[in-house]
Structures are given as C-alpha cells and as structure tokens.
Amino acid sequence: MIAFLIKRLFHAFLVMFIISVISFAIQDNLGDPIQQMVGQSVPESERAELREELGLNDPFMVQYLRFAKNAAQFDFGYSYFYGEPTIEVVLRHLPATLELVFATTLLIMLFSVPIGVYSAIKPRSPLSRLFMGVSIVGISIPVFLTAIVLIQIFAIGVQFTPFPVDTGWGSWLNGALSTDGGMPAYGRGDVVHVFGTWSTNFASLEGLSYLVLPAISLASIMLPLFIRLIRAEMLEVLQSEYVKFAKAKGISMRRIYFLHALKNTMLPVITVGGVQIGTLVAYTILTETVFQWPGVGLMFLDAIERSDIPLIVTYLMIVGLIFVITNTLVDLIYGLVNPTVKLTGKPA
Amino acid sequence: MTTASTSSKAPSRLARFRSSYLLYSFKRDWIAQVCFAVFVALVLAAILAPWLSPMNPYDLAQIRILDSELPPFWIDGSDPQYLLGTDAQGRDLLSTILYGARVSLIIGFGAVILQALLGVTFGLLAGYLGGRVDAFLMRMADIQLSFSTLMVAIIVGAVIKASFGGAIYSEYAVFILVLIIGLAEWPQYARTVRASVLAERSKEYVDAARVMGFRAKRIMFRHILPNTLSPIFVISTVQIANAIISEAALSFLGLGMPETQPSLGSLIKSGFDYLQSGSWWITLIPGGVLVVLVLVINLLGDWLRDVMNPRLYKG
C-alpha cells in the first residue's frame with residue numbers, strides 16, 4: 001500500500017510539473033508584461049532596463065524556477081483586466097462553479113443509481129428500454145443545446161397551438177403543450193453571503209431557482225454516461241459465480257441485488273467518476289457561457305477574449321491542481337476499498 | 001471484417017460481403033437501416049450543398065439584410081422564398097444549414113482520420129514493442145485522458161487564438177479545428193489498438209512471421225494491423241460523433257468556425273443571441289440537425305458494436 005501511495009504521489013507531481021511547464025511556456029511566449037506596465041511614451045532604453053530589472057532576459061530555466069517558486073505560494077501575478085492578483089479573481093469566481101458542480105453531482109447520484117440498477121435487473125422491460133433510448137439521445141445532444149432548449153421552454157415560454165382554440169378540449173390541449181416560462185436563466189440572482197469569497201445559492205428558494213436550469217443542463221450530459229456504466233457493470237456482476245451461488249443458497253433476490261451486487265457495481269463507477277471530473281469541468285465552461293453563470297468557466301472564456309494571459313495561466317494551474325488531487329484521491333480510495341487491485345502498478 | 005488479399009480461388013469481396021453476418025444483421029434491424037438511410041441522406045445533402053441550396057451563404061451579393069429574421073414556412077409572416085426562414089444577417093437558413101453540415105462533417109471526418117493515424121501508430125508501437133516505449137506512450141495517454149478531451153481541445157484552441165489573434169484563427173479555422181480535435185482524442189485509439197495488439201502478439205502467426213525474418217515494421221502494419229481493424233472500425237463511428245460535438249462546442253465558445261463560414265455549432269451560437277427576441281428557429285433548427293446527425297452516428301455505432309462484438313478496451 002505504501003509503495004502504491006508513493007507511486008501515485010510521484011505520478012501526481014509529474015502531472016503537476018507538466019502542467020506548470022505548459023503554463024509557463026504560455027506565459028513566457030504570449031504575455032509581454034512591459035507592454036502592460038508602461039505607457040506608449042516610454043523610450044526603448046528604459047523598457048530594456050526594466051526588462052533586465054524584472055529578470056525577463058534570464059535563461060528559460062531560471063525564469064521557470066522563479067515561476068514555479070511563486071506558483072507554489074499561489075502567486076501568479078496580476079490580471080491585466082482586473083488589476084488585482086489573479087488568484088483572488090479565481091477564488092472569487094470559484095464558489096459559483098463549485099456550487100453548480102455540487103448541485104449537478106447530487107442530481108447524478110440521485111438518478112443514475114436507481115435507473116441504472118433497475119435497467120440491469122429488468123433489462124427487457126419496456127421501462128428499461130425507454131431509459132436506454134432516452135440516454136443515447138441524451139449523449140447525442142450537446143450540453144449547450146440542452147441548455148438553449150431548456151431556456152426556450154422554461155424561461156421564455158412556448159406557445160404551441162395546433163388544436164382549435166375555440167373548443168374546450170382544444171384550448172385545454174393547447175394549454176398543456178404550452179409553457180409560460182419565467183424560470184430565471186441568467187446569472188446567479190441574489191446570493192446569501194457565507195464567509196470570505198463564498199456566497200451561496202442554497203440558502204434561499206429564490207437562489208435555488210437560479211440553480212435549477214444550469215444544474216439540469218449539466219447533469220443531462222453526465223447522467224446518461226453514468227446510467228449506462230452502472231447498468232453495464234451491474235449486468236456483468238449479476239452473471240458472476242458468487243451471485244449464482246447466493247441465488248442457489250436461497251438468499252432473497254432483493255438482498256442479492258442491493259447488498260451483494262450493488263457494492264461490486266459501484267467500484268468501477270468510482271474510478272470512472274473520478275475521470276469524468278475533467279469532463280465535468282469542460283462542460284461547466286459551456287453551461288456557464290449559456291447561462292452567464294459567474295463561475296471560473298465564464299471567467300476563463302472572458303480571459304481568452306481579453307488575452308488576459310496571467311488569468312488564463314492561473315485558471316490552468318488551479319483547475320489542473322483540482323484534477324490531480326481528485327484523480328489521486330479516487331485512485332487511493334479505489335485501492336483501499338478494492339484490495340484485489342494490483343497495488344504496484346496498472347495491470348498489463 | 002477480413003481484409004486479406006483476394007486470390008483467384010477465393011470468392012470476391014462483394015460475394016463475401018453478401019454472405020457476411022454484418023449484412024445479415026443489417027437486414028434484420030430496422031433501426032440500423034433507418035439510421036443508415038438518414039446518415040447517407042445527410043452526407044449526400046452536405047456534399048451536394050452547392051447544387052441543392054437555394055442561395056450561396058458565402059456570397060455577400062445574394063444576401064438582403066431586409067429579409068433578416070424571417071420565420072420558417074409554417075409560421076405567419078414567412079416568405080415562401082426562404083423555406084426554413086432566415087438568420088439575423090438575412091441568409092437563407094436552409095442553405096446555411098446545408099453548408100454548415102458540410103463544414104461540420106469535413107472537420108469531423110478530418111479529425112478522426114488524424115486521430116486514427118496518430119492513435120493506431122502509437123498503439124501499435126506501444127503494444128508490439130512494449131517496455132519503455134509502451135510505458136511512456138500509455139502514461140502520456142493517461143495524463144491526457146485524465147484532463148478530458150474537450151478540456152484539452154479548449155485549452156489548445158485558446159492558446160492558438162491568443163498567440164495568433166482572431167483574424168488568422170478564423171482564416172485557418174478548419175485546419176486548426178482538425179488539428180486540435182485530432183490531437184486531443186488520439187489516446188482513445190491508442191488504448192484500443194494496444195489492447196488488441198497485446199492479444200494478437202502472442203499468436204502463432206506473429207511468431208511465424210518473426211521466425212521468417214520479417215522486420216518489426218512489416219509485422220506490425222501488414223500482419224497485426226488487419227486483425228485489429230474491427231475495434232478500430234467500431235470506435236471510429238463513436239469518434240466521428242464525438243468530433244462533430246467537440247467542433248460544435250468549440251464553435252459555440254467562439255474558438256471554432258467564424259460566422260462568415262459557419263458550421264452547425266457556430267450557427268447555433270449566432271442564433272442564441274436572438275433567442276430572447278423570439279427568433280428561436282435560427283438556433284434550434286441547426287441544433288436539431290446537429291442532434292439528428294450525431295444521434296444516427298451513435299446508434300449506428302451501438303449497432304456495429306453489438307454485431308462485431310470486438311474486445312474493446314475497458315476501464
């Protein structure tokens with residue numbers, strides 16, 4: 001176990017090193033801090049002096065080490081646009097994204113396990129087929145399109161009148177097919193301040209209503225993946241020898257499904273879930289763009305538009321750090337709960 | 001899937017295809033038939049876009065700005081000249097969708113070809129040579145996959161855009177997108193191919209080829225590769241669907257095709273600004289076409305996987 005731990009930690013540091021080199025290369029090649037610091041009228045000789053003073057003429061390695069030293073203290077310099085330390089800008093936007101991700105994770109856990117298990121236990125029932133059909137449609141709809149459709153239906157409203165309006169049943173059917181809209185779909189609304197840079201949407205009903213559409217959009221793309229994964233794993237577990245043995249022993253099916261099979265189904269789900277965190281972060285950028293949700297994803301996209309290099313670099317480093325920490329934790333947890341995993345390395 | 005060379009005695013490729021299990025199960029699966037028909041129809045419509053579409057959306061002379069935001073034919077106030085209505089710039093929506101599907105498909109196929117070239121080469125090398133090469137390539141694939149392919153694509157796109165500027169980015173958008181999506185997704189192929197190569201490598205025909213003194217390159221590409229084709233074929237369908245979605249996502253974020261040469265994704269993006277003013281068709285009709293295109297490819301991929309049942313890399 002110790003060897004596994006050390007190996008994983010070494011891997012984590014290696015990945016963080018690669019991310020920092022890439023980030024530094026971006027900063028080194030794209031940003032000209034002198035241009036940002038001084039006005040047009042400053043002569044070239046003074047610029048050269050300043051450049052020497054800031055150490056911008058030092059060799060690549062020296063500059064990288066300086067960057068890494070500052071980065072280890074979470075000092076990434078100042079944002080061109082905000083004029084304040086980039087780390088503060090990121091920390092200010094981070095809670096909005098984390099709350100969105102948290103709400104989405106709740107939705108995924110709430111729905112994926114029951115639906116996945118049900119469609120594995122009864123693979124041929126019409127309801128399971130419906131779930132599988134809906135899930136492949138769900139995978140095929142890009143997350144921003146789901147968001148746009150949700151906005152059209154629940155925020156703007158749909159007036160659909162295929163039936164005659166003058167008859168009673170016609171206007172009733174028309175009413176059932178139309179929506180009034182009115183759901184908030186822009187920004188976070190009023191948030192309740194908790195402490196530091198963290199203000200929450202979870203404290204009031206109004207705040208929660210702002211969270212509904214973005215969280216459903218984000219969940220719509222991840223939920224089908226998890227349902228299909230849980231179903232596939234559960235189907236495999238139900239074929240295994242020990243489930244057959246438990247059946248032969250006369251243990252009730254309910255106990256077999258939920259005590260024996262479900263435990264072993266969830267193991268691979270943990271690892272895949274860890275890998276999917278990366279995907280989730282990518283999708284938050286899209287979701288936040290559609291809903292103008294003021295999280296780090298939207299901040300990152302704005303930073304690209306404004307060529308705010310220090311902010312882009314900070315985002316990459318912080319998101320990279322979050323990835324690496326979660327991936328390492330997931331691997332360690334997996335190693336703990338499943339002792340059969342080859343501890344010294346990946347199976348060939 | 002067999003691709004062995006045909007000798008004079010063996011039945012022709014067409015005859016073998018006719019008696020294959022692939023065709024047999026295709027004939028019995030109506031979902032696969034419908035999907036295949038829709039897919040072929042969409043691809044044909046995209047290829048024939050310059051001849052099918054009522055106007056050329058790239059030609060500024062044909063655009064009348066007064067005709068902007070006209071609704072499709074079933075809504076009051078539409079113009080019969082524009083079957084699906086017009087967008088905010090007065091371009092015929094049907095024409096822009098046909099041209100947009102063309103751009104999306106070109107990028108989708110281009111990116112998958114690049115992924116396959118990179119992924120198959122690296123996968124063969126890793127699986128056949130083993131040892132340090134294998135460890136290095138697979139570690140790289142692991143790291144890249146842990147970041148998710150879309151994230152890698154967004155970052156690379158952002159860096160290219162920030163370093164060359166928006167104008168150059170728009171001009172070479174098709175090449176840049178193929179490059180970005182191709183580079184972001186090669187690990188999928190490399191892992192699948194490597195897993196098949198590991199299974200094939202220990203078989204006797206490989207030993208025989210080695211004893212006969214063939215070089216590694218020949219054994220890898222002429223002997224092992226044909227036997228790993230069915231998993232490659234299966235993941236290719238899913239990868240095309242993924243590439244089209246990735247392209248749409250990048251375009252939606254402003255890191256893709258410019259509005260003057262729109263793909264389905266950038267049509268959705270440009271229409272989104274007009275959603276609040278009631279012109280839903282500009283964004284939702286291209287969106288519908290995108291979903292149908294991706295859905296039929298995904299369903300065909302599912303069907304292929306069930307029929308061919310290859311040993312796909314798992315976990």
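Brief remarks follow.
- Annotation note: of A:Ile153, A:Ile141, A:Ile121, A:Ile148, the sole residue that is under 30 Å from A:Met234 (Cβ atoms), within 14 Å of chain B (Cβ to nearest Cβ) and in contact (Cβ under 8 Å) with a residue 12 or more places away in the chain is A:Ile141.
- When B:Glu171 is tested against (1) under 30 Å from A:Thr314 (Cα atoms); (2) in contact (Cβ under 8 Å) with a residue 40 or more places away in the chain; (3) more than 14 Å from chain A (Cβ to nearest Cβ), exactly one condition is not met: (2).
- Condition broken by A:Ser307, with the remaining ones in (1) surrounded by fewer than 24 Cβ atoms within 10 Å (Cβ to Cβ); (2) at the interface with chain B (Cβ under 7 Å from one of its Cβ atoms); (3) in contact (Cβ under 8 Å) with a residue 24 or more places away in the chain; (4) assigned to a helix (DSSP H, G or I) satisfied: (4)
- Residue selected from segment B:253-305 under the condition in a loop (DSSP other than H, G, I, E, B) and within 27 Å of B:Phe36 (Cα to Cα), by the criterion farthest from the other protein chains (Cβ to nearest Cβ): B:Pro262
- Qualifying residue in segment B:160-175 (condition: surrounded by 18 or more Cβ atoms within 10 Å (Cβ to Cβ) and hydroxyl-bearing (Ser, Thr, Tyr)): yes
- Of the residues making up segment A:253-267, not one is within 14 Å of another protein chain (Cβ to nearest Cβ) and small (Gly, Ala, Ser).
- Every test in (1) in a helix (DSSP H, G or I); (2) within 24 Å of A:Leu286 (Cβ to Cβ) is passed by A:Gly187 save one, and that test is (1).
- Annotation note: of A:Ile285, A:Ile325, A:Ile270, the sole residue that is within 14 Å of chain B (Cβ to nearest Cβ) and either of a type in the set (Asp, Glu) or free of Cβ contacts under 8 Å to residues at least 60 places away in the same chain (or both) is A:Ile285.
- Flag for B:Arg210 being over 30 Å from B:Ala153 (Cα atoms), part of a helix (DSSP H, G or I) and of a type in the set (Lys, Arg): yes
- Scan of segment B:150-162 for residues that are touching a residue at least 40 places away in the same chain (Cβ under 8 Å) and in contact with a Ser or Thr (Cβ under 7 Å, 6 or more places away or on another chain), ordered by number: B:Leu150, B:Ala153
- Single residue of segment B:194-207 satisfying the filter (of a type in the set (Ser, Thr, Tyr) and in a helix (DSSP H, G or I)) that is farthest from B:Ile232 (Cα to Cα): B:Tyr205
- For the condition acidic (Asp, Glu), outside any loop (DSSP other than H, G, I, E, B), more than 20 Å from A:Val324 (Cα to Cα) and more than 26 Å from the chain's Cα centre (by Cα), A:Asp28 qualifies.
- Condition met for B:Ser95 (out of contact with any Asp or Glu (no Cβ under 6 Å at 6 or more places or on another chain) and within 12 Å of chain A (Cβ to nearest Cβ)): no
Values in this text are rule-based calculations from the coordinates and carry no lab data. All values reported here derive from a predicted model rather than from experimental measurement. As a convention, Cβ positions derive from the backbone with ideal geometry for all residues, glycine included, and neighbour counts pool all protein chains shown.
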